[in-house]
Structure formats: structure tokens, C-alpha cells
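Below is one structure; the comments refer to it alone.
The values are calculated or read from the model by the stated rules, or taken from the named source; none is laboratory data. Predicted model, so just to flag it, every value in this text is computed and none were measured. Please note: Cβ atoms are built from the backbone with ideal geometry, for glycine as well, and neighbour counts cover all protein chains shown. The protein model used for the area step is the full one, side chains on, heavy atoms only, and it has no ligands, DNA or RNA in it. Shrake-Rupley method; radii C 1.70, N 1.55, O 1.52, S 1.80 Å.
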Amino acid sequence: MRICVVGLGYIGLPTSLMLAANGGHVLAVDYNRALVDTLVSGRVTFEEKGLPELYERARVNIEFRSDYPEADVYIVAVATPYIKETHKIDPQYVCAAVRNVLDACPDGAVIVVESTVSPGTMDKFVRPVVAESGRKVRLAHAPERIIPGNMVYELIHNSRTIGADDPETGSLVRDIYATFCQGEIVLTDIRTAEMTKVVENTFRDINIAFANELLKICREDGMDVYEIIRIANKHPRVNILQPGPGVGGHCISVDPWFLVGDYPELTQLIGTARRINDSMPEFVIERMGDIMRENGISSLERVGLYGLTYKENVDDTRESPTLQLLEALERRGQSGLVQVYDPFVARDIAPNQHHDLDSFLGAVDMVVLLVGHDEIKQNAAKLGRIPVLDTRNVLDLPRRYTL
Ligand code: SAJ
């Protein structure tokens with residue numbers, strides 16, 4: 001069976017490699033030629049534990065290309081941004097990919113959408129594209145569930161959901177994923193699969209918002225939120241997540257908006273959780289101000305933000321709390337002042353960006369730790385003499401402040 005994976009980003013690349021490493025004949029497509037060239041030359045395109053090794057195992061069974069080939073099954077894993085103003089999904093990349101597949105595929109091919117979509121997207125946007133083409137294909141939705149930082153492990157061990165129009169298509173798609181997935185594979189309909197995926201990320205967003213609200217309450221009255229969460233979590237039915245400088249990434253900070261966008265009247269809790277998490281960068285700025293005053297630091301130019309990615313040990317900066325914080329400073333007319341540094345971000349994406357920990361620390365009198373990369377944990381001693389606002393609660397330092 002010929003399998004074509006469309007979109008070789010954070011999900012499509014590991015998925016295509018996993019299929020190929022487990023014996024599938026994979027045609028891996030991306031319209032970005034530079035990205036395809038990099039993959040053809042033998043390098044992976046982003047940092048992820050175990051990905052280079054997976055690439056080596058996959059290599060003989062995978063072909064990277066920019067044009068759409070004929071295949072039996074197509075797995076579409078392109079980006080699904082949301083429109084900021086309306087909070088609704090922007091399905092243009094999924095629809096364009098499906099159109100290209102329809103131009104290339106044989107009759108009876110199966111098109112599996114892996115991209116996260118808002119509930120109803122397959123009916124509202126994808127089916128009309130198929131109908132318009134007059135082609136006979138079968139549709140399925142198999143939303144990804146892997147967590148950046150542990151993708152290779154989770155691809156193998158997580159359970160999966162596959163939504164399809166009929167049991168035969170569902171079984172066919174299940175058999176493909178079962179070549180590498182050892183978790184339970186649940187078959188359902190497309191609508192349920194779409195909704196389940198968004199619900200999972202919304203659950204996590206609400207839980208983090210609860211932790212962030214607790215943090216604000218505890219700051220108001222001098223209570224230790226981390227100790228309170230640690231103790232509360234000893235209850236067998238309580239599992240509160242960690243407060244922090246905000247929620248970033250292309251999943252949890254985006255997917256709940258799909259529900260808010262489509263059901264504005266019915267999403268009071270979900271919308272409030274989103275707003276609480278989005279308020280955290282401003283909260284960090286307020287706290288930064290207090291600590292600067294307490295330590296006689298008068299200029300933001302001597303304050304350093306450690307970490308630009310959306311979480312620890314990944315190189316992805318999408319929707320990152322640090323970028324949200326920089327935007328908030330800009331809104332206050334304070335742009336371009338703070339120093340920034342992230343060991344995972346080689347290209348310049350912010351003013352005053354350093355590319356070396358020592359140069360960064362040499363330029364600041366105070367550090368705001370926004371991402372708990374292993375690098376800073378291993379070099380915590382270098383922070384010894386200056387005040388540090390540890391928004392992730394990961395360091396043990398004499399002059400440490402928490403949020
Ligand atoms: N965060 C906190 N406190 C926590 C946990 C996370 O502030 O206790 C922050 C992180 O720092 C980060 C953001 O939330 O900024 C999201 O990070 P994450 O590690 O919770 O999740 P993602 O976005 O990397 O991956 C999520 C996962 N979803 C769930 O755990 C329900 C993953 O399984 C999904 O595949 C992925 O979204 C996706 O693509 O949808």
C-alpha cells in the first residue's frame with residue numbers, strides 16, 4: 001500500500017518517519033522545497049528527542065517530494081490556524097491540501113485528516129471540496145495526540161482516535177496506524193473524533209487556568225501556591241496542573257477558541273479560562289516591576305528574559321508566553337528594552353537577542369525565567385548573585401522570586 005503524508009511539520013514529519021520505520025512505503029510531501037531539500041539531504045528540520053534516530057531507521061522506505069503522487073492513502077497533517085478576530089478555524093491549508101490530493105489520487109483513495117480541526121470542519125469545509133471535485137474518495141479524521149518533547153515515545157504508546165464514515169474505512173486506517181501504535185485505537189465517527197480532540201486540549205487549558213487563578217489568589221495573600229497544589233494533588237481525585245507565565249504552543253492556546261468561536265453563548269467557562277491564561281504575561285510584567293523596585297533596578301534594559309519557546313526543551317516559539325509578554329511590553333510603549341535569550345532559538349526573532357548564556361547574563365542585573373530548559377537548570381549556579389523571577393518554579397536559588 002502506498003501511503004502519502006502531506007505536510008511535513010511537527011506532526012507530519014514524525015508520523016511519516018514512524019510509518020516508514022515500520023515497513024510502510026511512504027511518500028512524504030511538503031510544498032516548501034527548502035524543507036524537502038533539507039530532509040532529502042539527510043537532516044531533520046526541528047529538534048525533537050529521538051527524531052534523528054527515527055529518521056535513520058525510516059530512510060530506506062521514505063521519499064520526500066514537493067509534488068503530490070498517486071497513493072492509496074493520504075494523511076493530511078497541515079497547519080490549521082485560527083482567525084484571531086472571530087476565533088474560528090481557518091481551514092484554507094487543509095482544503096488546499098485536499099484539493100491537491102483530489103487532483104492526484106486514484107478513485108477509492110482514503111484521505112485521512114490528522115490536523116486538529118474545529119468540530120464540524122470536515123462536514124462544513126472538506127466534504128464540499130470533495131463534492132465539487134466529483135471524485136470518489138473515502139474520508140477519515142485521525143487527530144494527533146503527541147506531546148512535543150516526547151513525540152516519538154507517544155506516537156508508539158498513546159491511544160488514538162479514528163473517525164470514519166463507515167467501519168471498513170475505519171479498519172483500514174486503523175491497520176495503518178497499528179503498524180507502529182501500540183496503544184488502543186478507538187474507532188468512531190468523524191464528528192466525534194473532531195470534538196474529542198478539541199475537548200482534550202480544552203480540558204488541559206481549563207486546568208492550567210485554574211492553577212493560574214490559584215496563583216493570583218495566593219499572591220494576594222502571601223500563600224505558597226506550589227505547596228498548596230502539591231498537597232492538594234495527594235488527594236486521589238485531584239490533579240491540578242502547574243501555574244506559569246501563560247499558555248503557548250499551537251494546540252492548547254488555540255483549540256479552545258474553536259469552541260468559543262462556534263458557541264459563544266455556551267462557552268462561559270472555556271472562554272474565561274482562555275482569558276485567564278492570556279492574562280498571565282501581563283501578570284508577569286507587574287511582578288517584574290515589583291521585583292525591580294525592590295532591588296533598585298530602574299531600567300528594563302538590565303532585565304533579561306530567559307526562554308523564547310512555548311515550553312521547555314523544544315524549539316517551537318508559536319504563541320509562546322515570552323512573545324506574548326514582549327507584545328504586552330510593546331503595548332505599554334516599552335518595546336526593545338529587555339534582553340532576551342533562548343538556547344533553542346538560533347535565528348533572531350526579538351530585539352536584544354543573545355545567542356550565548358554568558359553574554360546574556362553579562363548584560364543583565366535580573367533574570368525572568370520564562371522557560372525551564374534543562375540548560376538553565378544545569379547552569380543555575382551562574383545565576384547565583386542576581387535576583388531571578390522563576391515563573392516556572394524550577395530553580396533552587398538564594399535570590400529567587402516566584403510569580
Ligand atoms: N503549561 C503550563 N502548566 C502546566 C502544563 C503546561 O503552564 O502544568 C503550559 C506550557 O508551558 C505550554 C502550554 O501550557 O506553554 C502547553 O504545553 P503542554 O505541554 O501542556 O502541551 P502541548 O501544547 O505541547 O501539547 C498538547 C498536548 N495535549 C494534551 O496534553 C491534552 C498534546 O498531547 C497534543 O498532541 C498537543 O497539545 C496538540 O497538538 O494538540
> Can you find a residue in the range 210-217 that is small (Gly, Ala, Ser) and not in a helix (DSSP H, G or I)?
Replying inline: no
>> Restricting to the range 77-94, name every residue that is within 17 Å of the chain's Cα centre (by Cα) and modelled with pLDDT of 95 or more.
In response: Ala77, Val78
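Is it the case that Gln334 is farther than 20 Å from Ile147 by Cβ, in a loop (DSSP other than H, G, I, E, B) and not small (Gly, Ala, Ser)? Before the answer, list the steps.
Working: farther than 20 Å from Ile147 by Cβ: yes; in a loop (DSSP other than H, G, I, E, B): yes; not small (Gly, Ala, Ser): yes.
Spelling it out, Gln334 is indeed farther than 20 Å from Ile147 by Cβ, in a loop (DSSP other than H, G, I, E, B) and not small (Gly, Ala, Ser).
Residue-by-condition table, conditions (1) β-branched (Val, Ile, Thr); (2) more than 16 Å from the ligand (Cβ to nearest atom); (3) assigned to a helix (DSSP H, G or I); (4) over 24 Å from the mean Cα position of the chain (by Cα):
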site	(1), (2), (3), (4)
Lys124	no, yes, yes, yes
Arg127	no, yes, yes, yes
Val152	yes, no, yes, no
Cys181	no, no, no, no
Arg204	no, no, yes, no
Tyr226	no, no, yes, yes
>> Within the range 228-244, take every residue that is open to solvent by 70 Å² or more (accessible area, probe 1.4 Å) and assigned to a helix (DSSP H, G or I) and give me the one that is nearest to the ligand (Cβ to nearest atom).
In response: Arg230
> Does the range 368-385 include one or more residues that are at pLDDT below 95 and either surrounded by 18 or more Cβ atoms within 10 Å (Cβ to Cβ) or not assigned by TED's automatic domain parsing to the domain that holds Pro245 (or both)?
Replying inline: yes
>> Filter the range 286-307 down to the residues that are more than 12 Å from the ligand (Cβ to nearest atom), under 17 Å from Ala328 (Cα atoms) and either in contact (Cβ under 8 Å) with a residue 60 or more places away in the chain or surrounded by 17 or more Cβ atoms within 10 Å (Cβ to Cβ) (or both) and list them by number.
In response: Arg287, Met288, Leu300, Val303, Gly304, Leu305, Tyr306
> Glu319 passes all but one of (1) open to solvent by 10 Å² or more (accessible area, probe 1.4 Å); (2) free of Cβ contacts under 8 Å to residues at least 60 places away in the same chain; (3) not polar (S, T, N, Q); which number fails?
Replying inline: (2)
>> If Arg59 satisfies all but one of (1) within 24 Å of the chain's Cα centre (by Cα); (2) surrounded by fewer than 17 Cβ atoms within 10 Å (Cβ to Cβ); (3) over 29 Å from Met195 (Cβ atoms), what's the number of the condition it fails?
In response: (1)
